[in-house]
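The values are calculated or read from the model by the stated rules, or taken from the named source; none is laboratory data. From a predicted model like this one, the values you see are computed outputs, not experimental measurements. All Cβ positions, even for glycine, are placed from backbone atoms using ideal geometry, and neighbour counts span all protein chains on display.
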Amino acid sequence: MLDRLANYWVWTITVLCVLVGFWVVLAVFLVTVPFDRGRYAAGRTFRFVAITAQTLGGRWRFSTDGHVVRDPRRPYVAVSNHESYADTFLLSHLPWEMKWLGKSSLFRIPFLGWMMSLAGDIPLRRGNRESIVDAMRGCADRLHKRCTVMIFPEGTRTPDGNLLPFKDGAFRLAIEHQVPILPIVVAGTRRAMAKHTFRFNRTTARARVLPPIPTDGLTTADLPTLKERTRAAIAEAKVALNRELGLDPTGDPLTA
């Protein structure tokens, strides 16, 4: 009963943050859009809405560590493993702005989707070639405006905690625009909100930023090597991070 009430509380807080946050993001967008072509300020405000909802909800304890990005306007193609919807809340804690490549259906959700558009995030309809081309064009636009682009290369959340194969898109984008890959590992979020559920489970999770992988001089012929190098780095760090959090390699609690 108490767990159910706690979930009602978190959902109430999350919805209120979205409703109030929209007007704050809109105000920041209107004030800054004449000189902030990359919508950096609006985007950071949107991420703070997510942080506020997570903090007030009180069910998730999140932290970040690893490589320090010294210049927040140095664009990267950031890639991360994807464990649950909670990943977006966790990654919002990273202290620089990233434009997210997300499912187009999310952009149609009132207030939440409107904030995503104001923040300059990029919609993608999976399986639709025209949408994919438009999305990659949008990612290139954000990079040229000195904003990092955030992509989940698995394409979907893992159903069992195991790392899925990586798709080519993020790595092709990085090579074509000679932008470094920024690998990020998340651990612990699968328990926070597992796939096919909308329950906010009490959990501790962490995101770790790995050293950037340069793409200078690479061509599309190097794409498979770049992709596998990045996946291997994330896979290795994921095992280590899960161990630090007292989890097994798939993110489940270790049994005695």
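Below is a table of values for the structure above.
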read-out: Residues being within 20 Å of Pro165 (Cα to Cα) and surrounded by fewer than 17 Cβ atoms within 10 Å (Cβ to Cβ) - total across the stretch 205-222; value: 3
read-out: Some residue of the stretch 187-195 being among the small types (Gly, Ala, Ser), in contact (Cβ under 8 Å) with a residue 40 or more places away in the chain and in contact with a Pro (Cβ under 6 Å, 6 or more places away or on another chain); value: no
read-out: Residue count, the stretch 63-89 (criterion: among the acidic types (Asp, Glu) and either over 19 Å from Ala240 (Cβ atoms) or surrounded by fewer than 17 Cβ atoms within 10 Å (Cβ to Cβ) (or both)); value: 2
read-out: From Phe46, Phe29, residue being closer than 28 Å to Pro183 by Cα, crowded, with 16+ Cβ neighbours inside 10 Å and either free of Cβ contacts under 8 Å to residues at least 60 places away in the same chain or in contact with a helix residue (DSSP H, G or I) (Cβ under 8 Å, 6 or more places away or on another chain) (or both); value: Phe46
read-out: Odd one out for Gly161 among (1) crowded, with 22+ Cβ neighbours inside 10 Å; (2) under 22 Å from Glu244 (Cβ atoms); value: (1)
read-out: Failed criterion for Thr197 (all others in (1) touching a strand residue (DSSP E or B) at 6+ places or on another chain (Cβ under 9 Å); (2) outside any helix (DSSP H, G or I); (3) of a type in the set (Ser, Thr, Tyr) hold); value: (1)
read-out: Matching option when the condition is farther than 18 Å from Gly251 by Cβ and in contact with a helix residue (DSSP H, G or I) (Cβ under 7 Å, 6 or more places away or on another chain), among Ile175, Ile109; value: Ile175
read-out: Scan of the stretch 28-41 for residues that are part of a helix (DSSP H, G or I) and either at pLDDT below 95 or closer than 15 Å to Pro72 by Cβ (or both), ordered by number; value: Tyr40, Ala41
read-out: Some residue of the stretch 197-218 being over 21 Å from Arg59 (Cβ atoms), touching a Phe, Trp or Tyr at 6+ places or on another chain (Cβ under 7 Å) and not charged (D, E, K, R); value: yes
read-out: The stretch 97-116 residues that are hydroxyl-bearing (Ser, Thr, Tyr), paired with ones that are surrounded by fewer than 16 Cβ atoms within 10 Å (Cβ to Cβ) (beta carbon under 6 Å, 6 or more apart); value: Ser104/Arg125
read-out: Selection from the stretch 214-224 of residues that are part of a helix (DSSP H, G or I) and within 15 Å of Pro180 (Cβ to Cβ); value: Asp222, Leu223
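Okay, residues lined up against (1) within 17 Å of the chain's Cα centre (by Cα); (2) exposed (fewer than 14 other Cβ atoms within 10 Å of the Cβ); (3) closer than 24 Å to Ser104 by Cβ:
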residue	(1), (2), (3)
Ile184	yes, no, yes
Thr225	no, yes, no
Ile234	yes, no, no
Leu247	no, no, no
